[in-house]
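The values are calculated or read from the model by the stated rules, or taken from the named source; none is laboratory data. Bear in mind that the values here come from a model prediction, so they are computed numbers and not experimental data. All Cβ positions, glycine included, derive from the backbone under ideal geometry; neighbour counts span all protein chains shown. These area figures cover heavy atoms from the full protein model, side chains too; ligands, DNA and RNA do not enter into them. Shrake-Rupley method; radii C 1.70, N 1.55, O 1.52, S 1.80 Å.
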Amino acid sequence: MNDNMIQCTGVSKSYRRGSTTVTPLEKLDLSVRRGEFLALMGPSGSGKTTLLNLLSGIDSPTEGSLVIAGNELARFSRRELTKWRSQHVGYIFQLYHLVPVLSAFENVELPLLLSPMSKKERHERVKSVLDLVGLGDRIHHTPSELSGGQEQRVAIARALVAAPPLLVADEPTGDLDRESARKILDLLRQLSREHGKTIVMVTHDPRAAEAADRTLHLEKGQLLEAA
Amino acid sequence: MLPFSYAVRNLFRSRSRLLQTVGGSALVVLLVMASVAINTGMTRVLSASGSPHNVIFIGAGSEESVQRSEVPDSSAEIAQASIPGISEKLGVRAVSSEIHYMNHLEFADGSRAQALLRGVTPQALRVYPDLHVIEGTFPKAGEVMVGRLAWRKLGVPAEALKLGVRVKLDGQSLTVSGIFAAPGTVLESEIWGVLGDLRVLSKRETVSCVVVRLDDPAGFPDAELFAKQRLDLELSTLRESDYYFRLTQFFQPLRVMTWITAGLIAAGAVLGGINTLYAAIAPRVKEMAALQAIGYGRGALLASLMQESILACLTGALLASVVAVLLLDGVTVPFSIGAFTLEVGPEVAITGIFTGLLLGVIGTLPPAYRCLSPPLTVALRSA
């Protein structure tokens, strides 16, 4: 069995912006091991989020091969890709993107509603994940009743609850104070080390990158190993 | 599928928007219900007014207007003796000579209103078996009996036409001797007097028409043959039901106008509703994109948005139904030849609910398209 969770080979992504063609990623190769915590850094516009979107199946490459968890994503139809995403990828957004009218519990439950699972099993799973992120006592709070750090924990719980092998995080600490950011990074490291999750995190913050096993810099569509 | 509670709670994100959606939908549904009630009410009263058993002999060339028709006075007697199959009770044959006369009636308080008067003989009660004198008596000379909805058609208080009241027609004082009912027909809006009185008042030597009731509607060809044979009488033959059917066609433009007016107001309300739903859904582009990133398909999200707006629109439809029952049901609406009663029955209610449903679906599609059509990567970055 291949030990890599992510295998990108010659991946390029280009799109039209007005009359010009922009190529944020060009012939990019990347391998990420199962259970590895990878930080992606780089200046604005370097293609970090584009790469994250490709890895999570939200976007598709213009050329090249992208194999995630043993699946060649190019083979999937749009519908299959949506289903695959719900089972294999947990997405953590910078601004959490929680549903404001739902409680923390209901937000975390959302991904499980897509899979055939009994209500009892679903509720146990949601409670255990909320306990894992330290919010077992906040399950009935709505996002507006939580702090930024707590909201991000709920978002992480939501990304984790369907037990996907891959977590992608787009600047998960970008909108948090230092203490909250540290707790989130500790949690991500714990998820990688103790639960074997493969994590790819985009960040601008070198301190956040230090939490990762490996850091790569993306510049002009190419990846460079950090010194 | 997203939980139904998501759709329900989204409704309450902005109470003012919810009120606008529910109110707009209620307005449209109420208009549609009113239009259906008016159209069905008018059609019902006109189709119920004509019996297939009754044959009208009318002056040739005056088929469009009984009032202008001239039929020789002797026609009733000749028809009675010549046409087989005329309904008969206790030796009295159902043949009614009538004068239809439109003129202003003057009331005790000095107010005037244009009324449709019918000069008849007691034989008319044989021709219209569903007509019953419910108060007082059939009129004698110098008297009239009034249909129970005549006051509504004339736009006067009910007291202006109660028993014993005197009204004036062309300066002639007439006393209300009776009130009659002829359920569901335009006859209920008419005023009936004695044929002789009406002949004098309308200065006619002829009658407007002769109405004959046949035992079997299949006997109509015999009646038609009679008119063709008696060329000297210059008669044209019409089934009474056909006469009222023609009137239904005559009022078709009025009914079309009702629909157009309702349609225009509804279109405005629908556009307003779409605008409100835009305002409710458009700010959720990112939220929808995040749900797609989690694994929800566009179909599931569209279904949830549909649930949300259908729920709001059906609440409006329910509100409109309550208002319709309270304000429209049983209301009498006058029109040029009579009056009819609005009924908020199953047909009206089902049309209302269907309209609410349609509004919910149509209103969701444009904002949902705007919300769900951008590529996920663009939607996630949207402001």
- Message: Quick check: convex hull over the Cα atoms of segment A:143-227, volume per residue in Å³, rounded to an integer?
- Response: 108 Å³
- Query: Interface B/A, total buried accessible area with a 1.4 Å probe, nearest 100 Å²?
  - Reply: 1900 Å²
- Note on the structure: segment B:34-63 and segment B:160-189 have their Cα centres apart by a whole-number Å value of 22 Å
- Item | chain B, relative contact order in percent, only Cα pairs under 8 angstrom and at least six apart counted | 29 percent
- Which FRET efficiency value, to the nearest 0.05, do you get for B:Asp329 and B:Trp259 by plugging their Cβ-Cβ distance into 1/(1 + (r/R0)^6) with R0 = 22 Å? 0.60
- Message: Please compute one quarter of the surface area of the Cα convex hull for segment B:55-147 and express it in square nanometres.
- Response: 7.8 nm²
- Inter-site label distance for A:Lys83 and B:Leu90 at 7 Å from Cα along Cβ, in nm: 8.3 nm
- Query: How much net charge surrounds B:Lys228 when only other residues with a Cβ under 13 Å from its Cβ are counted (Lys, Arg +1; Asp, Glu -1)?
  - Reply: -3
- Task: Would you please name the chymotrypsin sites (Phe, Trp or Tyr not before Pro) within segment B:6-98 that are DSSP coil residues with at most 15 other C-beta atoms within 10 Å of their C-beta?
- Result: B:Phe12
- Query: How many lysine pairs in segment B:54-215, separated by 8 or more positions in sequence or lying on different chains, have Cα atoms less than 24 Å apart?
  - Reply: 8
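What do you get for trypsin sites (Lys or Arg not before Pro) in segment B:144-211 restricted to DSSP loop and a cutoff of at most 10 other Cβ within 10 Å of the site's Cβ?
B:Lys203
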- Query: How big is segment B:54-215 in terms of Cα radius of gyration and Dmax, in angstroms?
  - Reply: 15.4, 49
- Task: Work out the mean other chain Cβ neighbour count within 10 Å for the residues of B:294-302 and drop it here as an integer.
- Result: 6
- Over the alpha-carbon set of segment B:150-190, work out the extent along each principal axis and list the three values in angstrom, largest first. 31, 19, 18
- Query: For labels at B:Lys203 and A:Lys127 in the simple 7 Å Cα→Cβ model, what's the distance in nm?
  - Reply: 9.8 nm
- The summed charge of the A:Leu113 Cβ neighbourhood (under 13 Å; Lys/Arg +1, Asp/Glu -1) stands at +1
- Note on the structure: To the nearest Å², the heavy-atom accessible area per residue of the protein assembly as shown with 1.4 Å probe amounts to 45 Å²
- Query: When chain B is treated as a GNM, springs tying every alpha-carbon pair under 10 Å, which of B:Ile56, B:Ile78, B:Ile353 comes out with the largest mean-square fluctuation?
  - Reply: B:Ile78
- Task: For B:Met102, list long-range residues whose amide hydrogen, built 1.01 Å from N in the peptide plane, is under 5 Å from its own amide hydrogen.
- Result: B:Leu117
- Assign unit charges at the C-beta atoms only (+1 for Lys and Arg, -1 for Asp and Glu), then state the dipole size of the protein assembly as shown relative to its Cα centre in Debye, rounded to the nearest 20. 1720 debye
- Message: Below 25 Å, Cα to Cα, which lysines can A:Lys13 reach? Residues fewer than 8 away in the same chain don't count.
- Response: A:Lys27, A:Lys48, A:Lys83, A:Lys220, B:Lys286
- Task: Select from segment B:57-104 those trypsin sites (Lys or Arg not before Pro) which occupy a DSSP coil region and have at most 16 other Cβ atoms within 10 Å, ordered by residue number.
- Result: B:Arg68
- Rg and Dmax of the protein assembly as shown, Cα atoms only, in Å: 40.2, 122
- Query: Assuming R0 = 30 Å, what is the FRET efficiency of B:Ala218 and B:Ala60, from their Cβ-Cβ distance, to the nearest 0.05?
  - Reply: 0.80
- Query: By how many nm would the segment from B:Gln67 to B:Gln114 grow when fully extended, if each residue of separation counts as 0.36 nm and the alpha-carbon distance is taken off?
  - Reply: 15.5 nm
- Give the relative contact order (percent, whole number) for segment B:54-215; include only Cα pairs under 8 Å separated by 6+ residues. 35 percent
- Query: Rounded to the nearest 500 deg cm²/dmol, what is the calculated helix-only ellipticity per residue at 222 nm for chain B, with -39500 (n - 2.57) per DSSP H run of length n ≥ 4?
  - Reply: -16000 deg cm²/dmol
- Query: So how far, in whole Å, is the C-alpha centre of segment A:140-209 from the one of segment A:1-73?
  - Reply: 21 Å
- Message: Within 12 Å, Cβ to Cβ, of B:Leu116, how many net charges do the neighbouring residues add up to if Lys/Arg are +1 and Asp/Glu are -1?
- Response: -1
- Note on the structure: Counting only protein heavy atoms with a 1.4 Å probe and every protein chain in place, the carbon and sulfur fraction of the accessible surface of segment B:54-215 in whole percent equals 50 percent
- Computed over chain A, Kirkwood Rh from alpha-carbon pairs, angstrom: 18.0 Å
